[in-house]
Amino acid sequence: MNEAATNLAILLWACDPDDPVRLATPFFHASAAAAMGAQVEVYFTARSVLLLEPGVAESLYAATDRRKSIHGYMREALAHGARFFVCGDALAAHGLSHDVLAPQAAELAGAVSFIDRVMDPGWRTLTY
């Protein structure tokens, strides 16, 4: 791994529960980076915050074989050490409150936190 940047911040901006085919990859990448020893942060914004509503990710599958739900990919990323952050403004825009979200969305962080990672030379970023 590149010594100059050993951490990864992932922004879920266009990850829409209405298009589950695109939802597994960011969590798969989060798992891979965390397994390689990187500190990984996943930022949920826009419609991706809906994935943190209880029952939503559990009912979504990226493939027709339905072997693993999106929630399964999310659990794997968490098990490898990724941390999930949710944007408070995005929650409000979708009529959600932080206290009804799945327990893995324990931390609130938004644009300023993600931009801080973008500007930090020790971090790489991906946007989905």
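The values are calculated or read from the model by the stated rules, or taken from the named source; none is laboratory data. Note that the structure is a prediction, hence the values are computed from the model and not measured. All Cβ positions, glycine included, derive from the backbone under ideal geometry; neighbour counts span all protein chains shown. All accessible areas refer to the heavy atoms of the entire protein, side chains included, with ligands and DNA or RNA removed. Shrake-Rupley method; radii C 1.70, N 1.55, O 1.52, S 1.80 Å.
List, please: which pairs have Cβ atoms under 7 Å, are six or more places apart or on different chains, and start with a residue in region 58-87 that is under 18 Å from Pro17 (Cβ atoms) and among the aliphatic types (A, V, I, L, M) and end with one that is assigned to a strand (DSSP E or B) and at pLDDT below 95? From residues that are under 18 Å from Pro17 (Cβ atoms) and among the aliphatic types (A, V, I, L, M), the pairs are Val86/Leu108. Within region 51-68, if we keep just the residues that are open to solvent by less than 70 Å² (accessible area, probe 1.4 Å) and in contact with a Leu (Cβ under 8 Å, 6 or more places away or on another chain), the residue that is nearest to Leu96 (Cα to Cα) turns out to be Glu53. Contact map, region 30-42: first residue closer than 10 Å to Leu8 by Cα, second residue of a type in the set (Gly, Ala, Ser) and not in a helix (DSSP H, G or I), Cβ cut-off under 6 Å, separation 6 or more or different chains; pairs are Ala30/Ala82; Ala34/Gly81; Ala34/Ala82; Val40/Ala82; Glu41/Ala9; Val42/Ala82. Scanning region 79-88 for residues that are in contact with a helix residue (DSSP H, G or I) (Cβ under 9 Å, 6 or more places away or on another chain) and surrounded by 14 or more Cβ atoms within 10 Å (Cβ to Cβ) yields His80, Gly81, Ala82, Phe84, Phe85, Val86, Cys87, Gly88. Taken residue by residue, region 92-111 has at least one member that is open to solvent by 30 Å² or more (accessible area, probe 1.4 Å), of a type in the set (D, E, K, R) and closer than 17 Å to Val42 by Cβ. So is Arg47 touching a Cys at 6+ places or on another chain (Cβ under 8 Å), surrounded by 15 or more Cβ atoms within 10 Å (Cβ to Cβ), of a type outside the set (Val, Ile, Thr) and farther than 20 Å from Val118 by Cβ or not? The answer is yes for Arg47.
When residues in region 101-128 are screened for being part of a strand (DSSP E or B) and at pLDDT 95 or above, 5 of them pass. For region 26-43, a tally of residues being within 10 Å of the chain's Cα centre (by Cα) and among the polar types (S, T, N, Q) returns 0. Please verify whether His98 is in contact with a Ser or Thr (Cβ under 8 Å, 6 or more places away or on another chain), farther than 16 Å from Leu12 by Cβ and not small (Gly, Ala, Ser), treating the condition exactly as stated. Criteria not met by His98.
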